[in-house]
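Novice: Before I ask anything, let me first share the structure, which is written out below as structure tokens.
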Amino acid sequence: MSESTRGLMERIDAVRARIAQAAGLAGRQASDVTLVSVSKTVDRATMNAAYDAGLTSFGENRVPDARAKFAEPMPSDVRLHLIGQLQTNKAGHAVDLFDLIESVDRASLVAELQKQGERRDHSIAVLLQVNVAGEDQKAGCTVDEVDELVAAIRRAANLDLRGLMTIAPLVDEMETTRPVFAGLRSLRDDLVTRYPGLTLPILSMGMSNDLEIAIQEGATHVRVGRAIFG
Ligand SMILES: *Cc1c(COP(=O)(O)O)cnc(C)c1O
């Protein structure tokens with residue numbers, strides 16, 4: 001085994017241990033939290049090594065990069081998540097490549113994804129990305145836009161709204177992110193109460209530096225890049 005593969009396996013083990021400990025402290029099962037390894041900074045060979053080490057969910061943030069990386073498909077048990085902002089003109093490629101589009105944030109994108117889903121006659125799993133922190137340059141819809149976007153996605157016959165996603169501000173003190181994660185969770189709980197039949201099982205929140213807080217606040221998916229890939 002190469003030195004770099006050994007390092008990768010150690011970092012994956014360390015992240016898994018952090019997830020297990022945080023879940024345990026929160027009275028949750030580690031298996032309730034999916035580790036989405038964010039592979040946007042690494043090449044396909046490194047992804048293959050990560051797969052061999054047991055990772056099966058990967059997050060990418062750019063459609064053109066993903067098209068190049070996955071020209072040769074990943075094994076069939078791999079789930080690919082799009083976590084970066086999606087331009088409307090790349091929606092078709094995104095639908096062909098990804099199993100879950102986490103970054104749905106505006107009505108024009110909902111309409112385009114619906115068109116692509118209808119054309120392929122299949123259902124597209126999506127998350128609504130919410131800018132809970134209200135940061136200026138951050139992606140995601142505002143909290144005020146959530147209702148109309150949820151309604152639009154629910155009207156789109158080929159879109160399957162699975163949950164919510166947010167990115168917390170990058171801060172030194174990770175406790176600062178807690179209200180953001182708690183805010184996404186209460187948004188979800190509120191939507192589920194108000195829309196009969198809506199379940200929203202997925203809460204995608206937490207990254208390398210704050211995954212423990214996110215898990216305490218109910219994250220079902222954590223998106224981890226640097227802590228795995230360096
Ligand atoms: C890059 C990225 C991550 C991973 O962040 P790390 O700090 O490297 O763990 C998670 N989510 C999104 C949306 C990202 O773009």
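The values are calculated or read from the model by the stated rules, or taken from the named source; none is laboratory data. All values reported here derive from a predicted model rather than from experimental measurement. Using ideal geometry, Cβ is built from the backbone for each residue, glycine included, and neighbour counts are taken over all protein chains shown. These accessible areas exclude ligands, DNA and RNA; they are computed on the full protein's heavy atoms, side chains included. Shrake-Rupley method; radii C 1.70, N 1.55, O 1.52, S 1.80 Å.
Novice: Express the carbon and sulfur contribution to the solvent-accessible surface of the stretch 3-229 as a percent, rounded to the nearest whole number, probe 1.4 angstrom.
Specialist: On the stretch 3-229, the fraction of accessible area on carbon and sulfur atoms equals 47 percent.
Novice: Still on this model: Work out the FRET efficiency for residue 190 and residue 121 from their Cβ-Cβ distance, taking R0 = 41 Å, and round it to the nearest 0.05.
Specialist: The formula returns an efficiency of 0.80 here.
Novice: If you don't mind, there's one more thing I want to ask. Would you mind computing Rg(Cα) / (2.2 N^0.38 Å) for the stretch 79-145, counting N as its residues?
Specialist: Cα-based Rg divided by the globular estimate yields 1.10.
Novice: Among the lysines in the chain, how many pairs, 8 or more places apart or on different chains, have alpha carbons under 25 Å apart?
Specialist: Summing the qualifying lysine pairs gives 6.
Novice: Keeping all protein chains in place, calculate the accessible area per residue for the stretch 3-229 (probe 1.4 angstrom), answer in Å².
Specialist: Ligands and nucleic acids excluded, the result is 46 Å² per residue.
Novice: Now for a different question. How far apart, in nm, are the 7 Å Cα→Cβ label points at residue 87 and residue 138?
Specialist: 2.5
Novice: While we're here: Multiply the residue separation of residue 71 and residue 6 by 0.36 nm, subtract the distance between their alpha-carbon atoms, and state the gained length in nm to one decimal.
Specialist: 20.7 nm
Novice: Please give the calculated 222 nm ellipticity per residue for the chain, where each DSSP H segment of at least 4 residues contributes -39500 (n - 2.57) and the sum is spread over every residue; nearest 500 deg cm²/dmol?
Specialist: -12500 deg cm²/dmol
Novice: Determine ³J(HN,Hα), in whole Hz, for all residues of the stretch 196-210 in sequence, where each value follows from phi through the Karplus function 6.51 cos²θ - 1.76 cosθ + 1.60 and θ = phi - 60°; x replaces Gly and Pro.
Specialist: These are the phi-based 3J(HN,Hα) values: x, x, 8, 10, 6, x, 9, 10, 9, 7, x, 10, 3, 8, 9 Hz.
Novice: If you split all Cα-Cα distances of the chain into 5 Å bins from zero, what percentages do you get per bin, shortest first?
Specialist: Cα pair-distance distribution for the chain, in percent: 1, 7, 15, 18, 20, 17, 12, 7, 2, 1, 0.
Novice: Set Lys and Arg Cβ to +1 and Asp and Glu Cβ to -1, take the dipole of the stretch 3-229 about its Cα centre, and tell me which of 71, 225, 82 lies farthest positive.
Specialist: The Cα lying farthest towards the positive end belongs to 71.
Novice: For the stretch 11-61 and the stretch 112-143, what is the separation of their Cα centres, given in Å?
Specialist: Taking the Cα centre of each part, the stretch 11-61 and the stretch 112-143 sit 23 Å apart.
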